[in-house]
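This report concerns only the one structure given below.
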Amino acid sequence: MSTWYEKAVFYHMYPLGMTGAPTVNFSPADTEVPASHRFQELSAWIPHIKKLNISAVYIGPLFESTSHGYDTRDFYRIDRRLGTNEDFRQFTALCHENGIRVVIDSVFNHTGREFFAFQDLLRNGSSSPFRNWYRNVRFDCHNSMGDPFCYDCWHGITELPCLNLNEPEVRRYLLDTVSFWTNTFDIDGLRLDCANVLDFSFMAELRKLADEIKPDFWLMGEVIHGDYSRWVNREMLHSVTNYEMHKSIYSAHNDHNYFELAHNVRRLEAVGRSLYTFVDNHDENRIASKLNFKEHLFPVYVLLYTLPGIPSVYYGSEWGIEGLRDSCSDSALRPAIPADGLESRENALTRLIRTLGRIHAENGALHTGLYKELLLTNRQYAFARLGEGHAIITAANNDSEPAAVQVPLPVSTTQTECRDLLSDKIFNIENGKIQISLEGNRAVILRITEG
């Protein structure tokens, strides 16, 4: 029996951006500054998310930070720019009432400089009891911030000092926060920021805790490059971000080269069918800006929902909004979108994503079903997902011109015709092959009953 996350479709929310929160938080010394209540705006998105037939949200970063959310000040407090701990508890409860699971960001590789342990290090130097909480702290040098010591920091960014995950007190502190978040907010999983550089034994310890604190608690890591099986296994994480699929989906369309995509799918099948798949996120240019032809949004999203993986839609991309990062800022990728009038934005892409969500929910083959390649050219691609008693076939065309293809049946069937679940168009089955007429820059999804 598949778990909730194997069947899930995610909606990715970057709350500081989507609510238009200030880009810089109040000073920690401003203890009298009241929290905002932007979770009221975030809660207003829940009916829209549910209408898209999406069953889980990944939301973050959430905890008190200095600026972008990944420079954490306090792991036990929701960022006051968003609201209070009680506000988030109510948001999670409302999601659960609507059948939506909640996964949050966990930033365990580094903190901000205003985190209590780093502040103690600034005050007390080598006599600080927290000197071992950070990696490679040395007192024979000065850093770019003028501190009388140096330390490892993420990507050389001095504002993000790296935690020392080999220090038992640091591990204990971080694991205690996970128990706190689960007990206080009833979350369903974590997305591990910078999982590609986290200590493997720490992640194994986290997996053990996750298995104990809540059934089906999901751990997904941010990993860009590398052998994903190093992270995704019984002892470590359940899933990682499938950046390889992300890259190959859009370039397969821009380059008219489905061979690249199919090659990655075959190779990644060895890791499993529960990688977290996406076409854009808070760190990547919007897919509508990446594609050379906007018409390719149709086959791109069909492939996202039907290829092996757990699909995710980044907020706003269901309307095809655009956004390009620049060398100084990611703000164009994280725009404020008012919660009122969400449905007035609906367009053909929104309706497609809603339909894909329904198809995904109704067909078990799209959850954990085996993948089988059926047809492959530079511009046409067909594959099957094999479920119990049925198969789902996807055929896509990245050419602007129509294409007629003959797709072999992946299972035996008595059917003589099949219907496209997207358009209701009927295709004939003759001599063990489906005769499919593909429109330009389109795709079809067919269900074949075995027997």
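Confirm whether residue 305 is touching a Pro at 6+ places or on another chain (Cβ under 7 Å), in contact (Cβ under 8 Å) with a residue 40 or more places away in the chain and of a type in the set (Ser, Thr, Tyr).
Yes, satisfied.
Looking at 47, 61, 22 in this structure, which one is assigned to a loop (DSSP other than H, G, I, E, B) and either under 21 Å from the mean Cα position of the chain (by Cα) or hydroxyl-bearing (Ser, Thr, Tyr) (or both)?
Matching residue, one of 47, 61, 22: 61.
Report yes if residue 334 is within 28 Å of residue 264 (Cα to Cα), charged (D, E, K, R) and either crowded, with 19+ Cβ neighbours inside 10 Å or in contact (Cβ under 8 Å) with a residue 40 or more places away in the chain (or both), otherwise no.
Working: within 28 Å of residue 264 (Cα to Cα): no; charged (D, E, K, R): yes; either crowded, with 19+ Cβ neighbours inside 10 Å or in contact (Cβ under 8 Å) with a residue 40 or more places away in the chain (or both): yes.
Against the criterion (within 28 Å of residue 264 (Cα to Cα), charged (D, E, K, R) and either crowded, with 19+ Cβ neighbours inside 10 Å or in contact (Cβ under 8 Å) with a residue 40 or more places away in the chain (or both)), residue 334 does not qualify.
Taking the range 400-412, which residues are surrounded by fewer than 18 Cβ atoms within 10 Å (Cβ to Cβ), part of a loop (DSSP other than H, G, I, E, B) and not aliphatic (A, V, I, L, M)?
Correct list: 400, 401, 402, 412.
Part of a helix (DSSP H, G or I), under 26 Å from residue 4 (Cα atoms) and either touching a Ser or Thr at 6+ places or on another chain (Cβ under 9 Å) or among the aromatic types (Phe, Trp, Tyr) (or both) - does that describe any residue in the range 367-386?
Yes, there is a match, as at least one residue in the range 367-386 is part of a helix (DSSP H, G or I), under 26 Å from residue 4 (Cα atoms) and either touching a Ser or Thr at 6+ places or on another chain (Cβ under 9 Å) or among the aromatic types (Phe, Trp, Tyr) (or both).
Quickly run through the range 297-345 and pick out the residues that are of a type in the set (Lys, Arg) and assigned to a loop (DSSP other than H, G, I, E, B). Outline the logic, then answer.
Residues of the range 297-345 of a type in the set (Lys, Arg): 325, 334, 345.
Answer for the range 297-345, where residues must be of a type in the set (Lys, Arg) and assigned to a loop (DSSP other than H, G, I, E, B): 325, 334.
Can you find a residue that is touching a residue at least 24 places away in the same chain (Cβ under 8 Å), in a helix (DSSP H, G or I) and surrounded by 16 or more Cβ atoms within 10 Å (Cβ to Cβ) anywhere in the range 106-118?
yes
Residues of the range 224-246 being closer than 19 Å to residue 261 by Cβ and in contact with a helix residue (DSSP H, G or I) (Cβ under 8 Å, 6 or more places away or on another chain), which ones?
Listed by number, the residues that qualify are 224, 225, 228, 240, 242, 244, 245.
Looking at residue 142 and the list (1) more than 29 Å from residue 282 (Cβ to Cβ); (2) modelled with pLDDT of 95 or more, which single condition is not satisfied?
(2)
With respect to residue 85, determine if the residue is within 30 Å of residue 48 (Cβ to Cβ) and surrounded by fewer than 20 Cβ atoms within 10 Å (Cβ to Cβ).
yes
So which residues in the range 326-367 are of a type in the set (Asp, Glu) and either within 30 Å of residue 388 (Cβ to Cβ) or in contact with a Cys (Cβ under 9 Å, 6 or more places away or on another chain) (or both)?
362
Please find, among 67, 27, the residue that is more than 21 Å from the chain's Cα centre (by Cα), of a type in the set (S, T, N, Q), over 29 Å from residue 304 (Cβ atoms) and at pLDDT below 95.
Numbers: 67 fails: at pLDDT below 95.
Only one candidate qualifies: 27.
What single numbered condition from (1) touching a residue at least 60 places away in the same chain (Cβ under 8 Å); (2) small (Gly, Ala, Ser); (3) within 20 Å of residue 111 (Cα to Cα); (4) surrounded by fewer than 22 Cβ atoms within 10 Å (Cβ to Cβ) fails to hold for residue 60?
(4)
Which of the following residues is closer than 25 Å to residue 284 by Cα, within 23 Å of the chain's Cα centre (by Cα) and either basic (Lys, Arg) or not assigned by TED's automatic domain parsing to the domain that holds residue 263 (or both): 385, 351? Don't jump to the end; show me each part of the working.
On the way: 385 fails: closer than 25 Å to residue 284 by Cα.
After ruling out the rest, the residue left standing is 351.
Looking for whichever is surrounded by fewer than 18 Cβ atoms within 10 Å (Cβ to Cβ), touching a residue at least 24 places away in the same chain (Cβ under 8 Å) and touching a strand residue (DSSP E or B) at 6+ places or on another chain (Cβ under 9 Å) here; the options are 139, 185, 149, 180. Which one fits?
None of the others qualify; the one that does is 180.
Could you please tell me which pairs satisfy a Cβ distance under 7 Å, a separation of 6+ or placement on different chains, a first residue in the range 268-296 that is in the same structural domain as residue 333 (by TED's automatic domain parsing) and closer than 14 Å to residue 322 by Cα, and a second residue that is of a type in the set (Lys, Arg) and crowded, with 19+ Cβ neighbours inside 10 Å?
Listed by first residue and then by second, the contacts come to 280/286; 282/334.
Quick one: which of 170, 178 is in contact with a Leu (Cβ under 8 Å, 6 or more places away or on another chain), part of a helix (DSSP H, G or I) and over 30 Å from residue 96 (Cβ atoms)?
Exactly one residue qualifies, and that residue is 170.
Given the residues 370, 356, which is the only one that is among the aliphatic types (A, V, I, L, M) and buried (at least 19 other Cβ atoms within 10 Å of the Cβ)?
Sole residue among the options that is among the aliphatic types (A, V, I, L, M) and buried (at least 19 other Cβ atoms within 10 Å of the Cβ): 356.
Taking the stated definitions as given, is residue 74 assigned to a strand (DSSP E or B), within 26 Å of residue 210 (Cα to Cα) and charged (D, E, K, R)?
In short, yes.
Picking from 198, 219, which residue would you name as being touching a residue at least 12 places away in the same chain (Cβ under 8 Å), closer than 25 Å to residue 161 by Cβ, in contact with a Lys or Arg (Cβ under 8 Å, 6 or more places away or on another chain) and crowded, with 20+ Cβ neighbours inside 10 Å?
On inspection, the qualifying residue turns out to be 219.
Of the conditions (1) surrounded by 13 or more Cβ atoms within 10 Å (Cβ to Cβ); (2) out of contact with any Asp or Glu (no Cβ under 8 Å at 6 or more places or on another chain); (3) assigned to a loop (DSSP other than H, G, I, E, B), residue 165 satisfies every one except a single condition; which number is it?
Result: residue 165 fails condition (2) only.
The values are calculated or read from the model by the stated rules, or taken from the named source; none is laboratory data. As the structure is a prediction and not an experimental result, all values here were calculated from the model. Note that we place each Cβ from the backbone using ideal geometry, even for glycine, and neighbour counts take in every protein chain shown.
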